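Derivation of every value follows stated rules applied to the coordinates shown; laboratory data play no part. Bear in mind the structure is a predicted one, so any value in this text is a computation, not a measurement. A quick note on method: Cβ atoms are made from the backbone with ideal geometry, for glycine too, and the neighbour counts reach across all protein chains shown.
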Amino acid sequence: MRPGDTGVKRRVTVGHVLKPVGLKGEIKIVPMSDNPDRFAPGGKLWMLGDGGEARSFIVERVSEHKGNLKLKLGGIDSVEDADGYRGREVFVHEDEVPPLPEGEYYHFQILGLPVYTASEKLLGKVEDIFTAGEKDVYVVKGRGREYLVPVNEHTVDVIDVVAGRIRLFRMPGYIPEDPESGPDEEMDAV
């Protein structure tokens, strides 16, 4: 949890329900997890019910289906039941995600974190993450500006998910040390 969280479990999206498949309650989902065991029989997955309450389901069967997955979840036993989950997010709770090796982070741990310059001035928050080549790029937005920060040993000094913050190294001409000024204004001052 981040500083200020009040014990609320964050949801980690692992899939998206496309539609029912067959007549016995199977659903077709787009998997969004790098963990191949996430959908194994006996695993627990969550979806929101009609009233917005989180409901857990145990995976009974799984098979590949045209590049996606076909799941049979306990408690969804008819095509009508399955159709009620069309378009829903499939998720697990943050505490159900296996830990990563030191220095590696899940996207859900990074999204929303504030990003500070080397001189401890707030640059903005991580609003999105995309992959370029083999590295992630953080999309940091703040003060009406957007910065693309490639994640490597030359750009990111500290990622502290417990304290809820990221600090960058100095990047003159690219990322301003004083976000009140822009990169062009800093270059003029050099």
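Worth pointing out:
- Residues of type lysines that LYS70 reaches as a straight line, Cα spacing below 16 Å, ignoring anything fewer than 8 places off in the same chain: LYS19, LYS24, LYS28, LYS44
- Bridgeable lysines around LYS121 (alpha carbons under 21 Å apart, same-chain partners fewer than 8 residues away excluded): LYS141.
- Listed from fewest to most Cβ neighbours within 10 Å, the set VAL30, VAL79 follows the order VAL30, VAL79.
- Label-point separation in nm, VAL161 to LYS44, each point 7 Å along Cα→Cβ: 2.0
- Applying 1/(1 + (r/R0)^6) with r as the Cβ-Cβ distance of ARG11 and GLU153 and R0 = 41 angstrom yields a FRET efficiency of 0.85.
- Cα-projected label distance for GLU96 with VAL30, points at 7 Å along beta-carbon direction, nm: 2.1
- Value of relative contact order over the stretch 109-181, rounded to a whole percent, pairs C-alpha under 8 Å and six or more apart: 31
- Mean shadow area of the chain, taken as a quarter of the surface of its Cα convex hull (nm²): 13.2
- Spin-label model distance (nm) - SER63 vs GLU89, 7 Å beyond Cα toward Cβ: 3.0
- Potential lengthening between ARG143 and GLU80 on full extension [0.36 nm per residue; Cα-Cα distance subtracted]: 17.9 nm
- Fewest-first ranking of HIS93, HIS154, using other Cβ atoms within 10 Å as the exposure measure: HIS154, HIS93
- Fluctuation leader among LEU100, LEU18, LEU45 - the chain, Gaussian network, Cα springs under 10 angstrom: LEU100
- Net charge dipole size for the chain [Lys, Arg +1 and Asp, Glu -1 on Cβ; Debye, nearest 20]: 860
- Exposed loop sites here are GluC sites (Glu not before Pro) assigned a DSSP state other than H, G, I, E or B and surrounded by at most 13 other beta carbons within 10 Å; excluding them, the longest clear run of the chain is 1-52.
- Likely footprinting exposure, LEU122, LEU113, LEU73, fewest C-beta neighbours within 10 Å first: LEU122, LEU113, LEU73
- Most mobile of GLY103, GLY22, GLY49 in a GNM of the chain (Cα contacts under 10 Å): GLY103
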